[in-house]
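Beneath this line is the structure, given in structure tokens, with notes to follow.
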Amino acid sequence: MGLTSTERLTQEQIVEEIRGIPGWSYRADHERIERTFVRKNFLDAAAFIQQIANVAEAHDHHPDILLSGYKNVLVMLSTHSAKGITHKDFEMARAIDTISE
């Protein structure tokens with residue numbers, strides 16, 4: 001029987017999955033995957049965060065987001081209910097990548 005999207009992944013599974021999403025990294029010390037997106041300016045960064053919020057609502061999976069340096073958007077994903085990383089985090093990362101282009 002395969003994993004559901006909300007079952008915690010092993011470190012080996014995370015390392016394998018992360019290879020399929022360029023730009024994202026695994027932070028074992030924080031039990032999350034993350035990526036920094038550099039936008040054109042502050043307003044573009046803020047608009048991008050709103051786009052992420054819309055995708056997050058549609059997926060019912062909400063990342064932690066940090067805006068710094070007026071145009072850098074750090075997106076951090078983990079599944080709090082699983083206390084770690086699940087397939088749902090990778091699904092969300094891929095969805096965010098589609099709007100970042």
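The table for this structure:
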item	result
Selection count where residues are within 27 Å of GLU12 (Cβ to Cβ), assigned to a helix (DSSP H, G or I) and open to solvent by less than 40 Å² (accessible area, probe 1.4 Å), scope the range 57-101	8
Subset tally (residues that are part of a helix (DSSP H, G or I), at pLDDT 95 or above and loosely packed, with under 11 Cβ neighbours inside 10 Å) for the range 13-53	1
Residues (more than 17 Å from SER100 (Cβ to Cβ) and either touching a Gly at 6+ places or on another chain (Cβ under 6 Å) or among the small types (Gly, Ala, Ser) (or both)) located in the range 49-65	none
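The values are calculated or read from the model by the stated rules, or taken from the named source; none is laboratory data. Please read these numbers as outputs of a predicted model, since none were measured by experiment. Ideal geometry is used to build each Cβ from the backbone, glycine not excepted, and the neighbour counts take in all protein chains shown. Just the protein is used for accessible areas: all its heavy atoms, side chains included, with ligands, DNA and RNA removed. Shrake-Rupley method; radii C 1.70, N 1.55, O 1.52, S 1.80 Å.
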